[in-house]
Each structure stands twice: as structure tokens, then as C-alpha cells.
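Down below is the structure, laid out as C-alpha cells.
Where a number appears in this text, it was derived from the coordinates with a stated rule and is not lab data. Just so it is clear, the model here is predicted, and its values are computed rather than measured. Reconstructed Cβ throughout: ideal geometry from the backbone, glycine too, with neighbour counts over all protein chains shown.
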Amino acid sequence: MSCVIAGGGPAGAMLALLLARTGVEVTLLEKHADFLRDFRGDTIHPSTLQVLDELGLAGRFLALPHRKAHELSVVTDSGPIRLASLRGLPGRYDYIAFVPQWDFLDLITSEAARYPSFRLLMRAEAYDLIREGGAVRGLRYLDPSGEHEVRAALTVAADGRGSVLRERAGLAPQELGAPMDVLWFRVPREESDPEQPFLRVSSGHVVVAINRETYWQLAYVIRKGGYEELAGRGIEALREPVARMLPFTAGRLGVIGGFDDVSMLTVRLNRLRRWHRPGFLCIGDAAHAMSPVFGVGINLAVQDAVATAGLLAGALRSPGRGPVPEAALRRVQRRRMPPTLVTQAVQRLVQNQLIKPALTRRFGPPRVRPDLARVPVLNRLVRRFVGLGVRPEHVRATPILTPSSHNVDTAVGAEDPVEYPRMS
Ligand SMILES: Cc1cc2nc3c(=O)[nH]c(=O)nc-3n(C[C@H](O)[C@H](O)[C@H](O)COP(=O)(O)OP(=O)(O)OC[C@H]3O[C@@H](n4cnc5c(N)ncnc54)[C@H](O)[C@@H]3O)c2cc1C
């Protein structure tokens with residue numbers, strides 16, 4: 001029995017590693033030539049740190065350049081407000097680690113490549129499902145050398161919120177709505193700048209700032225559909241509020257020469273009612289697109305992967321059976337739907353009650369700056385929700401195969417060795 005996974009994001013890469021280490025033949029397809037793609041978040045929360053720990057990877061992960069955030073806070077015009085402190089969370093990890101997502105994916109896939117049953121195909125874009133006898137029996141993909149097929153007992157769509165395979169399976173998500181989109185750009189950083197990543201809110205404006213040592217990665221939140229109008233006013237319409245909210249960047253905003261230097265990321269919040277067909281399963285954003293609120297999407301995708309491997313690895317290891325039946329796949333959905341429902345409900349609440357008014361209404365700085373982290377019940381609730389999420393998953397199986405000396409390059413199917421470029 002074997003598994004083919006479309007999409008080398010957090011969900012697909014983690015599932016591939018977990019299956020490979022228990023001896024399941026697994027092929028992972030990623031349509032890009034590297035993991036360096038548009039921003040989809042840099043936040044690794046305690047629940048994912050715990051999973052890395054259980055995999056014996058926490059040491060290597062924490063050796064990557066990273067920033068730790070022990071507190072959730074928002075900087076307003078009159079100063080910072082603490083929302084919650086992660087200190088005191090059960091478990092070994094009481095912080096969010098900010099690590100560029102390509103480093104995280106590089107670590108997971110290079111670890112998977114040490115197992116002989118893992119195969120990584122880069123520049124391999126899945127475009128259709130193979131169907132036989134009412135079940136999915138694999139997928140078709142395109143790479144620089146042409147069209148190919150991979151047959152498998154289980155085909156997993158981990159190809160993100162624009163999932164092609166989900167659509168080919170006739171599954172359509174229910175849209176829940178998001179009031180904002182995000183503009184994403186870089187500004188040089190200087191030694192005297194703040195150290196920590198932070199959220200800055202001012203009347204009508206919201207910015208997230210992530211410290212990447214030599215530059216700031218900035219996310220400027222705009223109201224949904226507001227991009228054309230903003231771009232029509234010229235680049236000063238973006239530079240001006242950023243300079244006002246982050247005064248230390250003021251002299252450097254000339255690097256944003258125009259909207260060509262800015263990426264527009266559409267925010268979506270949706271989920272499938274049904275995540276499976278016989279022999280086919282959607283996980284991660286393909287099953288439920290997450291909003292950036294609380295930065296939990298990567299972590300939910302990882303949790304889906306851990307639950308899927310825990311529930312299906314045994315079946316996938318047993319020899320000579322046909323496609324994985326829907327009854328087994330339904331168990332994955334039943335396990336992961338409640339955390340999805342609760343997390344999306346809270347994201348919607350924050351989107352509608354805080355972000356939407358913050359973007360559309362004018363308000364002055366708060367007269368009092370409450371330290372919400374000092375309200376014990378509230379702090380415990382927020383810290384648990386953000387840090388561990390609803391129903392944190394744990395790696396159940398121990399590896400049954402000793403990792404071989406395979407490395408990423410030898411496991412990659414495309415002709416050229418894969419290199420993972422770094423942003424300067
Ligand atoms: C603006 C924005 C900011 C966000 N910020 C954060 C944050 O700070 N923290 C956080 O935790 N979450 C954040 N999220 C949510 C988070 O990005 C997602 O929930 C998470 O990436 C989902 O992981 P995934 O593996 O399911 O999908 P993805 O990360 O989307 O990965 C899908 C992968 O599949 C590949 N692929 C797509 N189609 C195909 C195909 N046909 N064949 C082969 N490969 C394919 C893609 O190239 C990609 O590598 C943010 C989302 C948005 C929109």
C-alpha cells in the first residue's frame with residue numbers, strides 16, 4: 001500500500017515524513033522548484049514544537065535562526081497592550097518561534113529524505129485524479145519532462161486553499177468570509193530597531209512586523225477588495241501610514257518604489273463539509289483555509305498531518321489492499337473537524353469584531369491600556385487556544401525503519417538538484 005501527497009506545504013511535508021518513518025511508501029509532489037514561495041506565515045506554535053520534539057527534531061529546528069515570542073501583545077498609539085502570556089503553558093515550550101517557512105519545510109523534507117520509502121518530486125504539479133471502480137487510485141502530474149502518473153492506495157490533497165485535486169474530486173468548500181487582505185513587503189532593518197516581531201494597530205490601520213535580521217517583513221492589512229483603490233492613490237498611500245505607525249522605518253520606505261514591490265495576499269476562510277472520497281483525503285488548507293488571525297494555520301495543518309498518520313499509517317502498511325475505504329478517512333475528518341470549527345469560529349469573531357472595525361472606523365488611542373495577561377482566566381484561555389490549540393495531536397508511532405543516508409538531492413525526482421535559496 002502506498003500514499004501520494006500533492007503539496008509540499010506544512011500539511012503535506014509533515015504527513016510525508018510521518019508516513020515514511022513508519023515504512024509507508026510515500027511520494028510527495030511540490031509544484032515549485034523550491035520552498036521559497038509567497039508568505040504564508042512564519043509562526044511555529046508550542047503544539048508544533050511539541051510535535052517536532054516527539055520526532056526528535058526540536059534541537060535541529062531550534063538551531064535555525066529564530067525569534068521567540070513569549071507574549072502576545074499589540075502596540076497601539078498610546079503604547080503596548082499585553083493580550084496574553086504563553087509562560088506557564090503545560091509542556092516544554094512556552095513561546096512562538098518565528099522561523100521563515102522555507103527553513104521549516106527544508107528541515108521536514110530533508111529529514112523525510114533519510115527514509116528509503118520517501119520520494120520527493122519537485123516541479124511536479126498534480127492536475128488530475130486517477131479514478132477506477134468508483135475510487136481514487138492515484139494522481140496525474142506534470143513536470144518539465146511531461147505528463148506522469150502515480151498510483152497509490154491513498155491520494156492526499158495537501159495542495160492548499162486553491163486545491164486543484166479537491167476540485168477534481170468534486171468537493172467545494174463553504175466560504176465563511178474574511179473582511180481583509182494583506183499587502184506584503186520588505187523594509188531594511190537596522191541594529192537600533194526593535195527586536196521582537198509585533199502587531200501595530202492605529203485608527204484605520206493594522207501592520208504586522210516580522211524581524212528577519214537584515215530586513216523587516218511587513219504585512220499591511222487592508223479591507224477586502226481595497227487594493228485597487230489604494231494602488232490608484234499611488235505608493236505614498238502605503239508609505240505614509242507605515243511611516244507614521246513604525247517611525248523607525250520612515251527614512252527607508254523609499255525601497256518600496258511602487259506596488260510592484262508589494263505582494264497582495266488574499267485572505268480566505270472556508271472549509272469542506274466532506275473531506276474525503278474512497279481513496280482520497282483533503283487535509284490542511286485544502287480542507288479548511290485559515291485566516292492569518294493568531295497565526296495558527298500552519299499549526300492546524302501540522303496537526304491534521306499528525307492525526308492522519310496516526311489513524312491511517314497502520315492501514316497503509318498492510319500489504320495488498322485496494323484504495324483506503326471512506327470509513328477510515330471519515331475518522332480523520334471526525335477527529336479534525338471539531339478543532340477546525342472552534343478555531344475558525346474564534347478567527348471569525350476576531351475578524352468581525354476587531355479587525356473589521358479597526359480597518360473601517362476611526363477611533364482614538366484607548367484611554368486605559370489594560371494588561372489582559374493579568375486576568376488569570378482570560379490569560380489561561382487565550383494562551384491555551386493560541387499555544388496548543390483545540391485537541392493537540394501527538395506522534396503515536398515510533399519509526400520502524402532506521403533512517404538511511406539518503407539525502408534530499410538523491411530523493412528528488414526532477415533532474416536538477418534542489419537548492420533552497422535564502423532571502424538576502
Ligand atoms: C496572508 C496570510 C498570512 C498567514 N499567516 C500565517 C501565520 O503567520 N501563521 C500561520 O500559522 N498561518 C498563517 N496563515 C495560514 C497558513 O498559511 C495556512 O493555513 C497554511 O500554510 C496551510 O498549510 P497547507 O500545507 O495546508 O497549505 P499551503 O501552505 O498552502 O501549502 C500548499 C503547497 O502545495 C503546493 N501546491 C499547490 N498546488 C499544487 C499542485 N497542484 N501540485 C503540487 N503542489 C501544489 C504549493 O506550492 C504549496 O507548497 C496565513 C495565511 C494568509 C493568507
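Numbers for the structure displayed
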item	result
Top of LEU238, LEU381, LEU272 by mean-square fluctuation, Gaussian network on the chain, Cα under 10 Å	LEU381
Cα-based Rg and Dmax for the chain, where Dmax is the largest Cα-Cα distance (Å)	21.7, 68
Whole-angstrom gap from the range 51-100 to the range 110-150, using each part's C-alpha centre	35 Å
Ratio of the Cα radius of gyration of the range 84-136 to 2.2 N^0.38 Å, where N counts its residues	1.90
Antiparallel %, DSSP beta bridges [both residues in the chain], to 5	75 percent
Descending semi-axes in whole angstrom, ellipsoid equivalent of the range 129-227, from the Cα gyration tensor	42, 20, 11
Cα-based equivalent ellipsoid, the range 180-266: semi-axes from gyration tensor eigenvalues, Å	20, 14, 12
Spatially proximal lysines relative to LYS224 (Cα-Cα < 19 Å; intrachain offsets below 8 disregarded)	LYS356
Rounded tilt (10° steps) of 376-387 against the dominant C-alpha axis of the chain	50 degrees
Binned Cα-Cα distances of the range 1-158, short to long, each 5 Å bin given as a whole percent	2, 8, 16, 17, 16, 13, 10, 7, 5, 4, 2, 1, 0
Burial order of peptide ranges 388-394, 7-13, 107-113 (average beta-carbon count within 10 Å, highest first)	7-13, 107-113, 388-394
Two-site label geometry, GLU191 and ARG60: point separation in nm, points 7 Å out along Cα→Cβ	3.4 nm
